[in-house]
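What follows is one structure encoded as structure tokens, with my remarks underneath.
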Amino acid sequence: MPGAVGHGTVAAVLAVRFDHPGDPSVLRVVEVPDPPPPAEDRILLRVAASSVNGTDLGLRRGAPGAAVFGPRLRPGFDVVGEVMRTGPAVTAFAVGDRVAALLPHSGGGQAEQVSVRQGRAARVPEEVATTATAGLPLAGLTALQALFGRAGLGARPGARVLVHGASGGIGSFAVQLAALAGAHVTGTAGPAKHGFVRGLGAAEVLDSRSPAATRAPGRWDVVLDTPGLLDPAAVRGMLAPDGVLVTTRVTSLRTARELVRTRVRPGPRFAFVATAARSQDLARLLELVRTGRLRVPVDRVFGLADIADAHRHAEGGDARGKIVVTVP
């Protein structure tokens, strides 16, 4: 029983952990000590659901850059749940509130309980389902901040936007948010997923496996590279004179150099989005979901005990949108 204490025992909760990188079989559901009572501006949540992001997959695989997440291998960055306790400096939430949050690099959201600072969380409207909420924080915030922060889409009326990787978590939100802003949206995806991407609001869908998908010179005002795999130098010729390529990852020294160069030279530029856990941005997304203007495309829902299967499905190539993990 989560939180139960018996004679000679330590209160424990269930959580997903792994000891070393590898395939999905390294994932285990184990008992870990209860989180400590929340201090200062922290809230303790009884987690109802989390989701699987590309960040989780990369962390589990031991991908380059995974060391930033520290030595504690604790997947799960999206959480939705009920406030159990609050720290003395908490002003935004009370016990019993249902909230969503984006956890920091320490992760740990695929667990029965988790502690998080109040500034990383937002209250969930009654009308928004728990499973939908669980799929929103990391992917939704990344799409929002990439388009309206790094690309300045709000100041680009009628922009021509290309979302590379439009059928994934970030891409599925980006297509919708760009279309809501009045942009002409083109997405890239495998042929089997074209109908899904059109259903999100894309005016056009291109085959992500074809070089022609992004070849047209001077065509795009904004390119959002959700997998973070496009070559900035190659994309530069496809951008309008004041166009911008926003990537979710800087994967090479060449990419980093291009990022620096575009800050000082005229013409198209290259930008990197580092997702920020802003409570007001998350609240904005939740309100869009509440009013039906934004949809959280939940592909499949797995239980915590089936976390390895959730990762296998995410890596299998058939997923569309978000994969949610219910707890427990």
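Can you tell me which of G199, G149, G154 is without any contact (Cβ under 8 Å) to a residue 12 or more places away in the chain, in a helix (DSSP H, G or I) and either surrounded by fewer than 24 Cβ atoms within 10 Å (Cβ to Cβ) or of a type in the set (G, A, S) (or both)?
G199
I'm trying to understand the selection: among the residues of region 175-194, which are of a type outside the set (A, V, I, L, M) and farther than 14 Å from G321 by Cα?
G182, H184, T186, P191
Sort out which residues of region 166-184 are among the β-branched types (V, I, T) and open to solvent by 20 Å² or more (accessible area, probe 1.4 Å), and write them in order of number.
If the condition is that a residue be among the β-branched types (V, I, T) and open to solvent by 20 Å² or more (accessible area, probe 1.4 Å), then I170 is the only one that fits.
So, restricting to strands (runs of 3 or more DSSP E) that lie completely within region 47-131, which ones have at least 1 residues that are in contact (Cβ under 8 Å) with a residue 60 or more places away in the chain and among the charged types (D, E, K, R)?
Passing ranges, in order: 78-86, 113-117, 121-123.
Could you check how many residues of region 31-44 are open to solvent by less than 50 Å² (accessible area, probe 1.4 Å) and assigned to a strand (DSSP E or B)?
Looking only at that region, the number is 3.
Return yes or no: is A159 touching a strand residue (DSSP E or B) at 6+ places or on another chain (Cβ under 6 Å), within 22 Å of A203 (Cβ to Cβ) and touching a residue at least 12 places away in the same chain (Cβ under 8 Å)?
yes
Could you list, in sequence order, all residues of region 149-163 that are closer than 10 Å to G182 by Cα and out of contact with any Asp or Glu (no Cβ under 9 Å at 6 or more places or on another chain)?
Hits for region 149-163 are G154, P157.
What number goes with the only condition from (1) modelled with pLDDT under 95; (2) open to solvent by less than 20 Å² (accessible area, probe 1.4 Å); (3) of a type outside the set (D, E, K, R) that G108 does not pass?
(1)
The values are calculated or read from the model by the stated rules, or taken from the named source; none is laboratory data. Predicted, not measured: the structure shown is a model, and the values here were computed from it. Cβ coordinates were reconstructed from backbone atoms using ideal geometry, including for glycine residues, and neighbour counts include every protein chain displayed. The accessibility values were calculated without ligands, DNA or RNA, using every heavy atom of the protein model including side chains. Shrake-Rupley method; radii C 1.70, N 1.55, O 1.52, S 1.80 Å.
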